[in-house]
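*Asks:* Could you have a look at this structure, given as structure tokens, before my questions?
The values are calculated or read from the model by the stated rules, or taken from the named source; none is laboratory data. Source: prediction; values computed, not measured. All Cβ positions, glycine included, derive from the backbone under ideal geometry; neighbour counts span all protein chains shown.
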Amino acid sequence: MTNIGHDSQPLLQPVRLGALTLANRLVMAPLTRNRSAAGYIPWDLNALYYAQRASAGLIVSEATAINPFGHGGANTPGLYTPEQIEGWRLVTSAVHGKGGRIFAQLWHTGRQAPAETIPTGSERQTTLNLTKQGIALITAEYAQAARNAIAAGFDGVEIHGANGYLPDQFLEDGTNARSDDYGGSIEHRARFLLDATRAAISAVGADRVGVRLSPGGTFGDISDSMPWETFSYAVRELDKLALAYIHLVEPRNDRGEPAELATARFRPLISRPTQLIVAGGYDRASGNAAIAEGTADLVAFGRLFISNPDLPARFAREASLTAYDRSTFYGGGAAGYVDYPTLQAG
Ligand SMILES: Cc1cc2nc3c(=O)[nH]c(=O)nc-3n(C[C@H](O)[C@H](O)[C@H](O)COP(=O)(O)O)c2cc1C
């Protein structure tokens, strides 16, 4: 009766990820919370929030801009100034102090950048207005942000290639209308994502780089006419890079996203050493089942980690979960951020 959990739940077993051995297979999904300080700088409150969740096998940080054009809203963090690096150091030290591991999710929003975050007098960086030179600059900024992440104490970086942001805007033919070697064929449309990924690899090593994609996703009004062909090509090419992991988001039924783009279909395309992380609507039962069935190596939990900082302990004890409050997801202060109870306190 006391030994439920570790033996019976594959989610609670250790796993290798790049050069790391993670304590369990629960990943805290990247979660934008809009609570950075002025200057897009992480601070003490963010360090407390992440430290509370350090029992995750791996934390993937909230999306973090690689340059001033890459933000997704007010008080989203960056990783391109010395002050931001210092701010992130507070977060990574707090997580490491509790035995946790944390990757930085590297973000460029492209056409999704809100007007108020665009530097004065300039326009959004999008697939349409970028010159080859502009693309090369942004690729170099991915590399620099990856180096900055390591300088800030992160264990690695995740290229945010999901949810209709800049790499996804290049990848999918609903948004990429270029006719040069960054547009047109699938090979051309995948080039930006692969350039950015290779840049991060050359900066910090493949074993410290992961990539997130959302095959069939519609967030950000993104679409592709042949999504399986596009995404299976991207995953096959990424698999050749010996990344730490590929992180795939499930298509959502409630948004009418195609079920045939489910992450399990990509499983055969991913080979060691690269691990497969899946995300989207998982709970304890379905997460354990995915690992037991071999359709995933790790499972990311988003909303459940917002309201259950000690999610692995709750899973181990099959304890009840605290419900999340959507009204405090984005922006605000401590309420709905660092005040969710742990089992002991709750
Ligand atoms: C408040 C909130 C913020 C999010 N921010 C990000 C983000 O910064 N980067 C990202 O890739 N996904 C983001 N997502 C998506 C989550 O990482 C995850 O894929 C999604 O919540 C589905 O998983 P879940 O059902 O376990 O919550 C966000 C989701 C929520 C609810």
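*Asks:* Among the listed residues ASP173, ASP207, which satisfies the condition of being of a type in the set (D, E, K, R) and in contact with a Lys or Arg (Cβ under 8 Å, 6 or more places away or on another chain)? First the steps, then the outcome.
*Replies:* Working: ASP207 fails: in contact with a Lys or Arg (Cβ under 8 Å, 6 or more places away or on another chain).
That would be ASP173, the only listed residue that is of a type in the set (D, E, K, R) and in contact with a Lys or Arg (Cβ under 8 Å, 6 or more places away or on another chain).
*Asks:* Continuing with the same structure: Of all residues being in a helix (DSSP H, G or I) and aliphatic (A, V, I, L, M) in the stretch 29-59, which is nearest to the ligand (Cβ to nearest atom)? Just the residue, please. Working first, answer last.
*Replies:* Pass one, the stretch 29-59, residues in a helix (DSSP H, G or I): 44-52.
Subset that is aliphatic (A, V, I, L, M): 45, 47-48, 51.
Working: LEU45: 16, ALA47: 18, LEU48: 18, ALA51: 19 Å.
This residue is LEU45.
*Asks:* Sticking with this one: So if I check each of ARG212, ARG189, which one is crowded, with 24+ Cβ neighbours inside 10 Å, closer than 24 Å to ALA65 by Cα, at pLDDT 95 or above and away from the ligand (no atom under 16 Å from the Cβ)?
*Replies:* ARG189
*Asks:* Just checking, which of TRP107, TRP88 is in contact with a His (Cβ under 6 Å, 6 or more places away or on another chain) and buried (at least 24 other Cβ atoms within 10 Å of the Cβ)? Show your work before the answer.
*Replies:* Details: TRP88 fails: in contact with a His (Cβ under 6 Å, 6 or more places away or on another chain).
Of TRP107, TRP88, the one residue that is in contact with a His (Cβ under 6 Å, 6 or more places away or on another chain) and buried (at least 24 other Cβ atoms within 10 Å of the Cβ) is TRP107.
*Asks:* Something else: Name the single residue, out of those in the stretch 7-28 being assigned to a loop (DSSP other than H, G, I, E, B) and among the aliphatic types (A, V, I, L, M), that is farthest from THR81 (Cα to Cα).
*Replies:* By that ranking, first place goes to ALA23.
*Asks:* Would you pick out the residues in the stretch 85-131 that are within 16 Å of the ligand (Cβ to nearest atom) and in a helix (DSSP H, G or I)?
*Replies:* Selection gives TRP88, VAL91, GLY110, GLN112, THR117.
*Asks:* Kindly evaluate ALA23 against the criterion of being surrounded by fewer than 20 Cβ atoms within 10 Å (Cβ to Cβ) and at pLDDT 95 or above.
*Replies:* Judged against the criteria, ALA23 is a match.
*Asks:* Now for a different question. Hey, can you tell me all the residues within the stretch 169-222 that are of a type in the set (Phe, Trp, Tyr) and within 16 Å of the chain's Cα centre (by Cα)?
*Replies:* Residues of the stretch 169-222 of a type in the set (Phe, Trp, Tyr): 170, 182, 192, 219.
Of everything in the stretch 169-222, just one residue is of a type in the set (Phe, Trp, Tyr) and within 16 Å of the chain's Cα centre (by Cα), namely PHE219.
*Asks:* To continue, here is another question. Considering each of VAL338, VAL249, VAL278, VAL235 in turn, give the residue that is touching a helix residue (DSSP H, G or I) at 6+ places or on another chain (Cβ under 7 Å) and either within 12 Å of the ligand (Cβ to nearest atom) or basic (Lys, Arg) (or both).
*Replies:* Only one candidate qualifies: VAL278.
*Asks:* Additional query: Which residues, taken from the stretch 175-221, are hydroxyl-bearing (Ser, Thr, Tyr) and under 28 Å from ASP254 (Cα atoms)?
*Replies:* Selection gives THR175, SER214, THR218.
*Asks:* Within the set of pairs 6 or more residues apart or between chains, which connect a residue that is within 16 Å of the ligand (Cβ to nearest atom) inside the stretch 300-320 to a residue that is in a loop (DSSP other than H, G, I, E, B) and acidic (Asp, Glu) with Cβ atoms less than 8 Å apart?
*Replies:* From residues that are within 16 Å of the ligand (Cβ to nearest atom), the pairs are LEU304/ASP283; SER307/ASP325.
*Asks:* Being under 26 Å from SER202 (Cβ atoms), more than 16 Å from the chain's Cα centre (by Cα) and aliphatic (A, V, I, L, M), is that true of even one residue in the stretch 65-84?
*Replies:* no
*Asks:* Answer yes or no as to whether ILE270 is at pLDDT 95 or above, more than 16 Å from the ligand (Cβ to nearest atom), of a type in the set (A, V, I, L, M) and under 19 Å from the mean Cα position of the chain (by Cα).
*Replies:* Taking the combined requirement at face value, the residue satisfies it.
*Asks:* Taking the stretch 60-84 as the search range and keeping residues that are part of a helix (DSSP H, G or I) and touching a residue at least 40 places away in the same chain (Cβ under 8 Å), which one is farthest from the ligand (Cβ to nearest atom)?
*Replies:* It comes out as GLU83.
*Asks:* Additional query: Does the stretch 37-50 contain any residue that is on the phi < 0 side of the Ramachandran plot, crowded, with 21+ Cβ neighbours inside 10 Å, among the acidic types (Asp, Glu) and at pLDDT 95 or above?
*Replies:* no
*Asks:* Just to be sure, is ALA264 of a type in the set (A, V, I, L, M, F, W, C), away from the ligand (no atom under 14 Å from the Cβ), touching a Ser or Thr at 6+ places or on another chain (Cβ under 9 Å) and closer than 29 Å to GLU318 by Cα?
*Replies:* Details: of a type in the set (A, V, I, L, M, F, W, C): yes; away from the ligand (no atom under 14 Å from the Cβ): yes; touching a Ser or Thr at 6+ places or on another chain (Cβ under 9 Å): yes; closer than 29 Å to GLU318 by Cα: yes.
Judged against the criteria, ALA264 is a match.
*Asks:* Among the numbered conditions (1) farther than 20 Å from VAL60 by Cβ; (2) within 22 Å of the chain's Cα centre (by Cα), tell me where PHE305 comes up short.
*Replies:* PHE305 satisfies all of (1) farther than 20 Å from VAL60 by Cβ; (2) within 22 Å of the chain's Cα centre (by Cα) except (1).
*Asks:* Then there is this: Please verify whether THR322 is more than 21 Å from ASN46 (Cβ to Cβ) and among the hydroxyl-bearing types (Ser, Thr, Tyr), treating the condition exactly as stated.
*Replies:* Spelling it out, it is not the case that THR322 is more than 21 Å from ASN46 (Cβ to Cβ) and among the hydroxyl-bearing types (Ser, Thr, Tyr).
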